[in-house]
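Some notes on the structure that comes next.
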There are 2 protein chains.
Amino acid sequence: MDAIPILTLKRLPQYLDVLYQFKKAGLKIVSATKIAVFTDIHMTQVRKDLSYTGVIGVPKVGHKIDELISAIEQCLNWNDTSSCFLVGVGHLGSALLGYQELQNKGLKVVAAFDTNPALINTTIHNIPVFSLDKYADLADRLHIHIGIITVPVDHAQNIADLMIANGIVAIWNFTAIKLHADADVIIENVDMSASLAVLSRRLAEKMHKAIPKSQDSPEAIIE
Amino acid sequence: MDAIPILTLKRLPQYLDVLYQFKKAGLKIVSATKIAVFTDIHMTQVRKDLSYTGVIGVPKVGHKIDELISAIEQCLNWNDTSSCFLVGVGHLGSALLGYQELQNKGLKVVAAFDTNPALINTTIHNIPVFSLDKYADLADRLHIHIGIITVPVDHAQNIADLMIANGIVAIWNFTAIKLHADADVIIENVDMSASLAVLSRRLAEKMHKAIPKSQDSPEAIIE
């Protein structure tokens with residue numbers, strides 16, 4: 001299985017979303033040009049990204065939508081369901097437990113953990129919540145490889161350590177801290193604080209009308 | 001107000017988090033070196049990022065923690081509270097309504113909107129939920145500049161258009177689609193699908209044991 005560049009991986013879900021919409025609208029065939037228009041991604045980039053899926057379109061005609069959807073889903077492993085654990089059943093954790101999109105994208109939370117007695121031994125959106133003390137025991141029995149961390153920032157590293165010690169090889173980290181782990185552990189961050197930082201500052205700059213948006217630093221363009 | 005590079009903005013919350021932890025632990029002074037160790041960001045980068053805050057440390061001593069916290073909060077405009085609207089009160093939207101961290105970071109949702117009759121005229125975490133029909137009217141009365149979008153993907157662009165037509169200049173987009181808007185509208189995306197795509201694929205690659213992680217593409221390194 002060849003490595004796909006990270007930026008391609010991040011764009012594939014955007015292609016999927018427009019493909020689902022085209023399919024819903026009754027279309028059977030789509031060109032890379034049309035995908036480019038709808039995603040606002042350059043056509044050359046779309047073609048290059050789609051080449052990683054292994055699907056070859058017909059020149060001047062395009063791609064079969066069903067075929068392309070299957071190929072992208074397979075690339076992302078979203079046609080297979082992986083079980084995962086979630087630790088931290090606060091607002092964000094609870095929301096993820098109820099978030100149907102995760103399961104559509106191949107991720108099924110089979111158990112959640114918290115230290116709050118009011119939550120332990122309840123179910124949230126049909127997913128059982130266990131005491132954190134039970135973590136090692138359940139991990140041992142269920143052989144789960146993916147862990148979601150939605151705890152407060154100052155507990156995040158401890159939870160990551162616990163997960164890694166008990167068989168987790170991929171962590172989806174929703175906290176703002178950068179987790180330390182061996183290089184062979186896959187860590188993917190959804191950093192809302194970083195995103196909010198950019199939004200807040202850009203808005204403050206705009207309201208102070210100091211600098212037009214186009215004068216963003218070169219560093220921003222590289223990203 | 002000078003523009004701060006986007007990557008610096010994204011790192012500032014990480015510095016803040018360790019500074020809060022140091023403060024909680026009773027420390028008064030911190031060196032850039034120590035911040036570098038705790039955030040796992042290179043010291044040179046930490047120094048450069050902190051220089052944007054305008055705080056000047058004492059050589060061989062460091063920065064006053066309180067001063068640095070205030071300076072970063074001010075850079076991010078997190079010491080001011082901005083009111084915002086949220087549209088789409090599903091699992092994710094509801095979670096954000098209850099997410100105290102947002103308010104700690106200067107963002108207060110004053111009203112939420114949905115089309116689901118079961119939600120309209122209720123309050124969630126003390127925030128009133130209105131019919132989407134009321135949006136223009138409330139926007140007109142409250143002069144809100146920030147909008148959060150947590151609707152299903154195929155409604156996102158319509159909601160963005162509605163927001164922009166009614167005074168929103170900064171959108172925090174939690175859907176997977178890229179929104180189209182004039183260049184002067186600030187759009188910041190929290191794209192969980194993109195993040196999950198990377199996680200799922202990397203795990204699949206690892207499980208197939210084809211490629212060591214270090215052979216990531218050059219594109220990934222630039223990012």
* **Residues of segment A:141-183 classified as at the interface with chain B (Cβ under 10 Å from one of its Cβ atoms) and closer than 19 Å to residue A:91 by Cβ, total** => 12
* For segment A:124-169, how many residues are polar (S, T, N, Q), in contact with a helix residue (DSSP H, G or I) (Cβ under 9 Å, 6 or more places away or on another chain) and at negative phi? -> 2
* Which residue out of B:88, B:98, B:93 is within 14 Å of another protein chain (Cβ to nearest Cβ) and closer than 18 Å to residue B:164 by Cβ? -> B:88
* Scan of segment A:60-80 for residues that are assigned to a strand (DSSP E or B) and either surrounded by fewer than 20 Cβ atoms within 10 Å (Cβ to Cβ) or modelled with pLDDT under 90 (or both), ordered by number -> A:62, A:64
* To do: Assess whether residue A:22 counts as being over 22 Å from the mean Cα position of the chain (by Cα), within 27 Å of residue B:151 (Cβ to Cβ), modelled with pLDDT under 95 and within 12 Å of chain B (Cβ to nearest Cβ).
  => yes
* Structure fact -> Expected single match for among the small types (Gly, Ala, Ser) and either within 14 Å of another protein chain (Cβ to nearest Cβ) or closer than 30 Å to residue B:186 by Cβ (or both) among A:118, A:197, A:136 is A:197
* Look through segment B:159-184, keep the residues that are within 16 Å of the chain's Cα centre (by Cα) and under 20 Å from residue A:201 (Cα atoms), and return whichever of them is surrounded by the fewest Cβ atoms within 10 Å (Cβ to Cβ). => B:169
* Structure fact -> When residue B:111 is run through (1) at pLDDT 90 or above; (2) surrounded by fewer than 19 Cβ atoms within 10 Å (Cβ to Cβ); (3) over 16 Å from residue A:201 (Cα atoms); (4) in the same structural domain as residue B:155 (by TED's automatic domain parsing), the failure sits at (2)
* Checking residue B:201 against (1) surrounded by 22 or more Cβ atoms within 10 Å (Cβ to Cβ); (2) in contact (Cβ under 8 Å) with a residue 40 or more places away in the chain; (3) not β-branched (Val, Ile, Thr), the condition it does not meet -> (2)
* **Filter result (closer than 19 Å to residue A:160 by Cβ and surrounded by fewer than 18 Cβ atoms within 10 Å (Cβ to Cβ)) within segment A:120-142** => A:131, A:133, A:134, A:136, A:137, A:138, A:140, A:142
* Go through (1) surrounded by fewer than 19 Cβ atoms within 10 Å (Cβ to Cβ); (2) more than 30 Å from residue A:47 (Cα to Cα); (3) hydroxyl-bearing (Ser, Thr, Tyr); (4) without any contact (Cβ under 8 Å) to a residue 60 or more places away in the chain and name the single condition residue A:83 misses. => (4)
* To do: Just name the residue that is farthest from the other protein chains (Cβ to nearest Cβ) out of those in segment A:64-82 that are more than 21 Å from residue A:30 (Cα to Cα) and of a type outside the set (Val, Ile, Thr).
  => A:79
* **Selection from segment A:37-48 of residues that are within 12 Å of chain B (Cβ to nearest Cβ), part of a helix (DSSP H, G or I) and within 16 Å of residue A:9 (Cα to Cα)** => A:39, A:45, A:48
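The values are calculated or read from the model by the stated rules, or taken from the named source; none is laboratory data. Every value quoted in this text rests on a predicted model; they were computed, and no experiment measured them. All Cβ positions, even for glycine, are placed from backbone atoms using ideal geometry, and neighbour counts span all protein chains on display.
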